[in-house]
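Right, one structure below, let's go through it.
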Amino acid sequence: MKVSDTAEIRTLPLFRDMDDAQFEVLIRGAYVQTFPPQIELITEGEPSDFLHIVVEGTVELFATWNGHQTTMATVRPLGTFILAATIKDAPNLMSARTLERSRLVLLPSEDVRNVFETDSAFARAIVVELAQCYRMSIKNTKNLKLRSSIERLANHLVRKQIEAGGAKSFELDVEKRRLASYLGMTAENLSRAIKTLQSYGVTIDGAMVTITTPEALLNLAKPMPLIDDPEH
């Protein structure tokens, strides 16, 4: 690994408070690799050999069953994935693929588990990270079970507008097919939901979203911290 790569991942909350010697042990078998788009990095059901850290690019986590496929999450820099499977030495519950040219750091899972046993700061950081992932999973389940498809789309757009600094117009960061999957919708349902939101001042042309009456959209979405605030 380059010194710049090591310094970058050292800033992550997961590794920030580790003992220096233990951090060196953790990264001794790590390596950095760049992948082109649409490369499957891990496969659902296979052993979790590495903890992955996204340094550049975008990775989609997805799952399949009986001919169906759904997007579970999108990971961007500096994010990790398959931490729970790594710690439990268990099979991957999801697959992962690159959505664009991506650079990742791969840490051998065995080294992660060994350092977890010896470095208390690292162990605490892992517990916090897994707790956050668990809470996000509960929020996602509440979003899917308590809201209609139109309400889920409305809340997604409200959140993206906030991330865009409140701009009247902004671009979707994923293609509509993947957005529909992430929101638990079919492409047809997403199309109908987009048309419904026109009466709330929302226009989506390709990837460009324009919201002319944000108050109307907000009244429809009714966002709440216990579902929509990632920090809550």
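Quick look at the values:
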| quantity | calculated |
| --- | --- |
| Test for Lys168: is it of a type outside the set (Gly, Ala, Ser) and more than 25 Å from Gln69 (Cα to Cα) | yes |
| Residues of the stretch 84-103 classified as in contact (Cβ under 8 Å) with a residue 60 or more places away in the chain and either of a type outside the set (Gly, Ala, Ser) or more than 28 Å from Asn114 (Cα to Cα) (or both), total | 5 |
| Long-range neighbours under 6 Å by Cβ, at least six apart or interchain, first residue without any contact (Cβ under 8 Å) to a residue 24 or more places away in the chain within the stretch 188-201, second among the small types (Gly, Ala, Ser) and surrounded by 15 or more Cβ atoms within 10 Å (Cβ to Cβ) | Gly201/Ala216 |
| Ala90 vs. criteria of a type in the set (A, V, I, L, M, F, W, C) and surrounded by fewer than 15 Cβ atoms within 10 Å (Cβ to Cβ) | yes |
| Selection count where residues are within 20 Å of Gln33 (Cα to Cα), hydrophobic (A, V, I, L, M, F, W, C) and touching a Pro at 6+ places or on another chain (Cβ under 8 Å), scope the stretch 52-98 | 2 |
| Any pair with Cβ under 9 angstrom, 6 or more apart, that starts in the stretch 23-41 at a residue that is in the same structural domain as Pro91 (by TED's automatic domain parsing) and ends at one that is of a type in the set (Lys, Arg) and part of a loop (DSSP other than H, G, I, E, B) | Val32/Lys2; Thr34/Arg101; Phe35/Arg101; Pro36/Arg101; Pro37/Arg101 |
| Subset of the stretch 58-67 (residues that are closer than 29 Å to Asn114 by Cα and not aromatic (Phe, Trp, Tyr)) | Thr58, Val59, Glu60, Leu61, Ala63 |
| Qualifying residue in the stretch 123-132 (condition: in contact (Cβ under 8 Å) with a residue 12 or more places away in the chain, farther than 15 Å from Pro223 by Cα and either crowded, with 18+ Cβ neighbours inside 10 Å or among the aromatic types (Phe, Trp, Tyr) (or both)) | yes |
| Residue match in the stretch 15-38 (condition: under 17 Å from the mean Cα position of the chain (by Cα) and surrounded by 14 or more Cβ atoms within 10 Å (Cβ to Cβ)) | no |
| Top-ranked residue in the stretch 202-232 [being outside any helix (DSSP H, G or I), more than 26 Å from Arg135 (Cα to Cα) and free of Cβ contacts under 8 Å to residues at least 24 places away in the same chain; ranked as farthest from the chain's Cα centre (by Cα)] | Thr213 |
| Long-range neighbours under 8 Å by Cβ, at least six apart or interchain, first residue touching a residue at least 12 places away in the same chain (Cβ under 8 Å) within the stretch 145-171, second part of a strand (DSSP E or B) and surrounded by fewer than 16 Cβ atoms within 10 Å (Cβ to Cβ) | Lys168/Thr210; Ser169/Met208; Ser169/Thr210; Phe170/Met208; Glu171/Met208 |
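The values are calculated or read from the model by the stated rules, or taken from the named source; none is laboratory data. All figures in this text were calculated on a predicted structure; none of them were measured in a lab. Cβ coordinates were reconstructed from backbone atoms using ideal geometry, including for glycine residues, and neighbour counts include every protein chain displayed.
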